[in-house]
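Working notes, structure below.
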Amino acid sequence: MNKEQLEQWKDQWRRGFEREKARILVCAGTGCVANGSLAVYEALKKEVEARGAYVTVDLLLEGEKTGVAVVKSGCHGFCEMGPLVRLEPSGILYTKVKAEDAAEIVEALLSGGEPVARLLYRHPLTGQVYEAEHQIPFYHNQQRTALAHCGQIDPEDIREYVADGGYEGLKKALTQMTPEEVCQEIIASGRRGRGGGGFPTGRKWDLTRIEKGPKKYVVCNGDEGDPGAFMDRSLMEGDPHRVLEGMAIAGYAIGADEGYIYVRAEYPLAVQRLKTAIAQAKEYGLLGQNILGTGFNFELKIKEGAGAFVCGEETALLASIEGRRGMPSPKPPFPAQSGLWGKPTLINNVETFANVAQIIVKGAAWFSSIGAENNTGTKTFAITGQVANTGLIEVPLGTTLRQVVFEIGGGIRGGKKFKAVQIGGPSGGCLTEEHLDLPLDFDSLKAAGAMIGSGGLVIMDENTCMVEVARFFMNFTQNESCGKCVPCREGTKRMLEILQRAVDGEGRPEDVDLLQELAEAVRDGSLCGLGKTAPNPVLTMLKYFKDEYIAHVVEKRCPAGVCSALKGYQIDPEKCKGCSKCARACPVQAISGELKKPYTIDQTKCIKCGACVTNCPFKAIKEG
């Protein structure tokens, strides 16, 4: 295929899709699939077929028939409300759809009647009902660039991607720009890497470009291992061709003819869709040899990782691709100088590559007009935890935490009070109520002692124990430490022991200073980014919630009432009716008393299981 043929195919396929009378898009991202969206898809397809209105994409593109298309799309983002179904061109969004809803949805669509009211999104606080997706507050405050195609097209059909302008960036780069000009355009855009470090993308490209040698590599880091993070996964599942196109442009820019996408094996749907996309791109001459007739060659391979968190670090990732144990190496040399098999190698993450084609097509000025100074463009975030609307979002850098939590996220579940957010996964840190108006960008977060990381946001409410949160993340990083350097291997283990003592009610007052000292030593002495950032949750916990930690180790009390070892139960004699239900429910016979008289709990026997609280009909037992 040459550039003229690409243009012809794009025009032909676009005209074909315009023949659709309507389109039913069923979210087929991992979250909705797990909730039964594939059954919804089959049911909708069956109902449209039964009414003689169904049309396949092939018939549309051949110009033989018009009708209603039923399409599996990527993630729509509003995971809390899945399975999701959107109708085009009306934009109507149905939430929590079941297969048995299909007939009603199709009947309303084909008859031109009112939407199915019970499936529309209803705001949990105001009760307002929204028909169109773009009107819902969750979507209204977003600006989707990297995610622009996710939920809009079939990720397994290259024709939909091309019809919507796909591979135009690659065509422009190969036919109108030199490799140096491509690098300069990325530099001018101000694009910074979205893998966590925030290093200027264009500079990294140009540094790799100027390295000498006949062989270079492009590597996409899709090893997303942070608890609560699923941004890269959703991009690879929902718009794989955008990632491939960005990698091919990068290959041209630095002089590479081969690339690898490193994806953890726990992402089977992403792997399958990437493989399909690579096969389709090669079939149409958009990957492989002599791309678009320009003489540029670029091959892509997928490497499935075993799930080691440390392989998110670039030198450990390269070692894994080479078949070695995933362990980091000292830098310099940097991968741009000596990377995969000792050759100059460019490594960026999924989201970084996903924006490249748009920058080339729309220009650096367009991209740099979004976001904040020195923090241009948008960032995807996965918001999870105690927030009303969990899901995948994309906002301009500089958007405040308050906007994300209370406008897009809909506030804290159950009307409870916001306490903190863990940002950047195990390598990040906690932000508190005083940070709600902090802009979410690389520089502001670094100044606050946190980091964007890959973009995971875990929202916590007033009932969260921050000591337990620090212990949870330290347990994760300690388990994921590769063990190569002593500060990380031994330091994280010692910090975990101290935190475990605190939640077990065995903490010592002197542990406060020791924990601070250990965290700083691990941060300063570790070899790679995992070790250097592993203490962040502990350091921010000690900075913002030190009183909570002291309550654990000095007062032997968990203010949030979460740590079972620090719980104590008391029976209020004024409320107790002496019914004996608590005593009968106690597994260790710690409760005694006489019928119709107040009972008491023997604290030396109590195992703090909470069975008495659950079984008391008079709410006479309280934690104390």
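The values are calculated or read from the model by the stated rules, or taken from the named source; none is laboratory data. Keep in mind that what you see is a predicted model, and the values were worked out from it rather than measured. We place every Cβ from the backbone using ideal geometry, glycine too, and count neighbours over all the protein chains shown.
How many of the residues in segment 266-307 are more than 13 Å from Asn221 (Cα to Cα), small (Gly, Ala, Ser) and assigned to a loop (DSSP other than H, G, I, E, B)?
Total meeting the criteria: 4.
If you check Gly151, Gly127, Gly166, Gly113, which single one turns out to be assigned by TED's automatic domain parsing to the domain that holds Asp232 and either modelled with pLDDT of 95 or more or assigned to a loop (DSSP other than H, G, I, E, B) (or both)?
Only one candidate passes the filter, namely Gly166.
Residue under question is Leu318, and the condition is that it be crowded, with 17+ Cβ neighbours inside 10 Å, touching a residue at least 24 places away in the same chain (Cβ under 8 Å) and part of a strand (DSSP E or B); does it hold?
no
Please go through segment 401-445 and give me each residue that is of a type in the set (A, V, I, L, M, F, W, C) and in a helix (DSSP H, G or I), ordered by number.
Once the filter is applied, which keeps residues that are of a type in the set (A, V, I, L, M, F, W, C) and in a helix (DSSP H, G or I), segment 401-445 yields Leu401, Val404, Val405, Phe406, Ile408, Phe442, Leu445.
If I filter segment 212-221 down to residues being at pLDDT below 95 and within 12 Å of Gln337 (Cβ to Cβ), which single residue comes out as surrounded by the fewest Cβ atoms within 10 Å (Cβ to Cβ)?
This residue is Lys212.
Within segment 4-30, how many residues are outside any loop (DSSP other than H, G, I, E, B), modelled with pLDDT of 90 or more and in contact with a Gly (Cβ under 7 Å, 6 or more places away or on another chain)?
Final tally of qualifying residues: 3.
For segment 467-569, which helices (runs of 4 or more DSSP H) that fit wholly inside it have 1 or more residues that are among the hydrophobic types (A, V, I, L, M, F, W, C) and surrounded by 23 or more Cβ atoms within 10 Å (Cβ to Cβ)?
Filter on segment 467-569 gives 486-503, 511-525, 529-533, 536-544.
Looking at segment 566-597, which of its residues are modelled with pLDDT under 90 and under 15 Å from Ala611 (Cα atoms)?
Lys567, Gly568, Tyr569, Gln570
Here is a list of conditions, (1) under 16 Å from the mean Cα position of the chain (by Cα); (2) closer than 27 Å to Thr432 by Cβ; (3) among the small types (Gly, Ala, Ser), and Gly398 meets all of them except one; can you say which number that is?
Failed condition: (1).
Only one of (1) loosely packed, with under 14 Cβ neighbours inside 10 Å; (2) under 21 Å from Met495 (Cβ atoms); (3) among the hydrophobic types (A, V, I, L, M, F, W, C) is not met by Val588, so which one is it?
Failing condition for Val588: (2).
Given Pro330, Pro335, which one is in contact with a Leu (Cβ under 8 Å, 6 or more places away or on another chain), under 18 Å from Tyr262 (Cβ atoms) and not in a strand (DSSP E or B)?
Only one candidate passes the filter, namely Pro335.
Quick one: Gly425 ticks every box in (1) crowded, with 19+ Cβ neighbours inside 10 Å; (2) touching a Leu at 6+ places or on another chain (Cβ under 9 Å) bar one, so which box is it?
(2)
As an exercise: evaluate Phe618 against (1) in a helix (DSSP H, G or I); (2) modelled with pLDDT of 90 or more; (3) over 30 Å from Ser329 (Cβ atoms); (4) not β-branched (Val, Ile, Thr) and give the number of the one condition it does not meet.
Result: Phe618 passes all but (1).
Cβ-Cβ under 6 Å, sequence separation 6+ or interchain: first residue in segment 142-154 and over 16 Å from Arg273 (Cα atoms), partner buried (at least 24 other Cβ atoms within 10 Å of the Cβ) and of a type in the set (Gly, Ala, Ser). Which pairs?
Short answer, once both residue conditions are applied: Ala146/Ala354.
Hey, any hits in segment 214-230 for a residue that's in a helix (DSSP H, G or I), in contact (Cβ under 8 Å) with a residue 12 or more places away in the chain and closer than 27 Å to Leu445 by Cβ?
No, because not a single residue in segment 214-230 is in a helix (DSSP H, G or I), in contact (Cβ under 8 Å) with a residue 12 or more places away in the chain and closer than 27 Å to Leu445 by Cβ.
Given the structure, is Val40 of a type outside the set (Phe, Trp, Tyr), at pLDDT 95 or above and either in the same structural domain as Cys27 (by TED's automatic domain parsing) or under 20 Å from Tyr139 (Cβ atoms) (or both)?
yes
Tell me, which residue of segment 147-178 that is acidic (Asp, Glu) and under 18 Å from Ile360 (Cα atoms) is surrounded by the fewest Cβ atoms within 10 Å (Cβ to Cβ)?
Asp164
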